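In what follows, a single structure is set out as structure tokens and then discussed.
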Amino acid sequence: MPDTGQPERRRIPWVSSTYFAEGLPYMLVRYLAGVYLTDIGVKESYLGFLNFLGIPWNLKFLWAPAIDLFGTKRGWLLKVEGVLVVGFLALALLAAFGPLALPPGATTLEGLDGAVALRGFLALLVALAFIAATHDVAIDAYYMEAIRNPTEQAAYTGLRVMTYRLAIVFTKSVLVAAAGIWAWSGAFVCGAATLALLLAFHSWYLPRVETGPAKRRGGVTMLRQYGLAFTSWLHQDRVGIALLFIVTYKLGDEVLFSMNTPFLLRELGVTKVQLAWLAGILGTTASIAGSLVSAWALRRFGLRRAVWPLTLAMNLNIWAYAWLAHALPDPTTQAGIGLIAGVHAYEQFAAGLGNAVLVVYIMRTCHPDFKAAHYAIASAISSVGSSLFGGFGGLIVEATSYLHLFVLAFALALPSMLCLLVLPIPEERRAE
């Protein structure tokens, strides 16, 4: 029998573990691999192109309906998680045989030791991005299937964001530190082992919230249902404004952080050890705090009343990072690293304020019949701008400066605030 009425004490462990498991592959692909490539000497323009790894998360809505139409969401979650474990172990092996460092200004891998392994690393990284994006769809769909009441879904938003952010802390601190203590291959092995433990826990603990695989449908019916999953999301008030709002809401912050690691390591001269606690512990803890404050405000005041204060706080803080790029404090001094840490923590806290806003808004746009597809469509759309603009962040830095990139980030944050002037805020959907 499906388990749809779990008590809170049973929900908290699996909500926590699944959203930690959702954040971990994303961080291994989008962050840890970037720090590795930065460390071995890849140039800024190529590092900027790593933001294109976000494209699978932009496109995941194309295959998201399959999770609604075939099999169970629990089955999808477990199978994809298993594939990710194997993939990250392979990534660790390739990192072990890759180059220790690239010559300064290298633009080609020809004739370099470990070039074949590095090419394999990059190719596998692309494949893992698509698999990890599918993992996200399965987890979000499972969550909305297991907790069907919209009010209860919103109540766990803070927990979801917090545990996702804990995966960020784990990657930026523990795994980066593991790379410094052992080697980069050891860091990827640790990440794969952690995901394997989560897979074992999920296989044993996740409630079975569906009766079984979806019934077989005729070809015409299947295509009609597949198309309906896309078109039905568009049947909402002022959908054009809603699309623009979702695309641009986090755009300023995403562009700001598209080159964050090279900025800290190269422009400011932060060491890997400093980066581990600065970005991994301090920054992400501040981000979690911001997300929890945002979730509390949304519960206390509602989305309509809280959206403007939270959005302004999220976007105006970008100027603090622009000041950091202008002042360039010295991280070898106590005062310098203190300023860097303070600005970084402040920016992360403010950025966290907007996370719960976007999640709750997107969930309000989902129809109960197409939970996986609708959430995937909206969440994928929300990161399109960051993938496109962020992918060229390295080129912008090489052509101008980090300061100009951060000023551009604020300019890109303005459209979402203009959208809020006319955007209809949807009411909570009743459980069906």
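Only the coordinates and a few stated rules stand behind these numbers; no lab work does. Here the structure is a predicted model, which is why all the values come from computation and not from measurement. Methodologically, a virtual Cβ is constructed for each residue, glycine included, from the backbone with ideal geometry; neighbour enumeration extends over all protein chains shown.
Could you derive backbone 3J(HN,Hα) for region 409-416 from the dihedral phi with the Karplus parameters 6.51, -1.76 and 1.60 (θ = phi - 60°), listing whole Hz in sequence and x where the residue is Gly or Pro?
Values, residue by residue: 4, 5, 4, 6, 7, 5, x, 5 Hz.
Given the rule -39500 (n - 2.57) for each run of at least 4 DSSP H residues, summed and divided by the residues of the chain, what is its mean residue ellipticity at 222 nm, to the nearest 500 deg cm²/dmol?
Calculated from helices alone, the mean residue ellipticity at 222 nm is -22500 deg cm²/dmol.
Holding the Cα-Cα limit at 29 Å, pick out from Lys79/Lys272; Lys60/Lys250; Lys79/Lys250 the pairs that are longer than that.
The answer is Lys79/Lys272; Lys79/Lys250.
In whole Å, what are the extents of region 245-371 along the principal axes defined by its C-alpha atoms, from largest to smallest?
Extents along the principal axes, in whole Å: 54, 27, 23.
Under the Karplus relation 6.51 cos²θ - 1.76 cosθ + 1.60, θ = phi - 60°, what is the ordered set of whole-Hz ³J(HN,Hα) values for region 124-136, x standing for Gly and Pro?
3J(HN,Hα) across region 124-136, in whole Hz: 5, 4, 5, 4, 5, 5, 5, 5, 5, 5, 5, 4, 4.
Once the Cα atoms of helix 73-97 and of the chain are each reduced to a long axis, what angle between those two axes, in degrees from 0 to 90 to the nearest 10, is obtained?
Between the helix axis and the principal axis of the chain, the angle is about 10 degrees.
May I ask which residue of Leu199, Leu408, Leu84 lies farthest towards the positive end of the charge dipole of the chain, with charges of +1 (Lys, Arg) and -1 (Asp, Glu) on Cβ and the Cα centre as origin?
With unit charges placed on the Cβ atoms, the residue in question is Leu199.
In what sequence do Ile139, Ile181 fall when counting other Cβ within 10 Å, fewest first?
Ile181, Ile139
Output wanted: per-residue J couplings in Hz (rounded whole) for region 343-353, from phi through Karplus 6.51 cos²θ - 1.76 cosθ + 1.60, θ = phi - 60°, x for Gly and Pro.
After applying 6.51 cos²θ - 1.76 cosθ + 1.60, I find 5, 4, 5, 4, 5, 5, 4, 5, 5, x, 4 Hz.
Would you mind checking the radius of gyration and Dmax of region 8-420 based on alpha-carbon positions, in Å?
20.9, 69
With a 10 Å cut-off between alpha carbons and a GNM built on the chain, which of Arg238, Arg208, Arg364 moves the most?
It is Arg238.
DSSP loop chymotrypsin sites (Phe, Trp or Tyr not before Pro) in region 265-335 with at most 13 other Cβ atoms within 10 Å of their Cβ, which ones?
When the chymotrypsin sites (Phe, Trp or Tyr not before Pro) of region 265-335 are filtered for loop state and at most 13 Cβ neighbours within 10 Å, nothing remains.
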